[in-house]
1. Kindly check whether there is at least one residue in region 36-55 that is surrounded by fewer than 16 Cβ atoms within 10 Å (Cβ to Cβ), of a type in the set (G, A, S) and under 18 Å from A99 (Cβ atoms).
2. With the checklist (1) farther than 16 Å from V158 by Cβ; (2) crowded, with 20+ Cβ neighbours inside 10 Å; (3) touching a Gly at 6+ places or on another chain (Cβ under 7 Å); (4) of a type outside the set (G, A, S) in hand, flag the one item L98 doesn't pass.
3. Run down V150, V158, V144 and say which single residue is more than 13 Å from the chain's Cα centre (by Cα), surrounded by 19 or more Cβ atoms within 10 Å (Cβ to Cβ), at negative phi and modelled with pLDDT of 95 or more.
4. Looking only at region 110-119, which residues are in contact with a strand residue (DSSP E or B) (Cβ under 7 Å, 6 or more places away or on another chain) and assigned to a loop (DSSP other than H, G, I, E, B)?
5. So A32 clears everything in (1) crowded, with 21+ Cβ neighbours inside 10 Å; (2) in contact with a helix residue (DSSP H, G or I) (Cβ under 6 Å, 6 or more places away or on another chain) except one condition, right? Which one?
6. Just a yes or no: is a residue in region 121-130 out of contact with any Asp or Glu (no Cβ under 8 Å at 6 or more places or on another chain), surrounded by 15 or more Cβ atoms within 10 Å (Cβ to Cβ), farther than 29 Å from V29 by Cα and of a type outside the set (D, E)?
7. If I ask for residues that are within 17 Å of V144 (Cα to Cα) and either aromatic (F, W, Y) or surrounded by fewer than 23 Cβ atoms within 10 Å (Cβ to Cβ) (or both), which ones from region 63-87 would you list?
8. Look through F110, F185 and report the one residue that is buried (at least 17 other Cβ atoms within 10 Å of the Cβ), under 25 Å from V12 (Cβ atoms) and modelled with pLDDT under 95.
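The values are calculated or read from the model by the stated rules, or taken from the named source; none is laboratory data. Here the structure is a predicted model, which means the values were calculated and not measured. Cβ: placed from backbone, ideal geometry, glycine included. Neighbour counts: every protein chain shown.
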Amino acid sequence: MAVGVLAVQGAVREHLEALRRLGIEAGPVRTAEEIAVCEALILPGGESTTIGKLMDRYGLLQPVTDFVASGKPLLGTCAGMILMAKKIGAAAEDQPSLAVMDITVERNAFGRQTDSFEADLEVEEIDGPPIRAVFIRAPIIMAVGPEVQVLARHNGHVVAARQGRMLALSFHPELTSDPRIHQYFLSMR
């Protein structure tokens, strides 16, 4: 399988459909063995505490950490970005985390579900018109380490960043028809 989408909770189907529209072999992954055979992996949006607890329960935290350590690309959208962060502001004490990307995030930074919105973003390294970004109870990146490249901001807040082959987004590219974010991620393979 070329690209796996972690399928314990969240926007799995939407990412799979976006990848299939690009002609990419993709499938849901639920086990360490399935993660290990992927060329690239997506941690979808959803509820970060729930996804983290399910990853912990099913023994998936270490396999994803090992996946990143092997140099394979990892994309985290919304909740996936939170799970990737080394530091999570206002995290519950039992919030599981991968802690693989040198970022500090703040959960639900734009407000509640009813405060969800869309915005056009200029994303570094992606040509063409602005990217339409869907923000749903979105986190923001409060701080980045020296190896992290900021790719996009919204109202001054960092909402997209890259560290090596890891890409973290506050928004949901799988909920639009614009393929450029997924294409950018796939170019990291």
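1. No, region 36-55 has no match at all.
2. Every listed condition holds for L98 apart from (3).
3. Details: V150 fails: surrounded by 19 or more Cβ atoms within 10 Å (Cβ to Cβ); V144 fails: surrounded by 19 or more Cβ atoms within 10 Å (Cβ to Cβ).
Just one listed residue meets the conditions, V158.
4. Hits for region 110-119 are F110, S116.
5. The failed condition is (1).
6. Yes.
7. Within region 63-87, K86, K87 qualify.
8. Numbers: F185 fails: modelled with pLDDT under 95.
Just a single option satisfies the conditions, and that option is F110.
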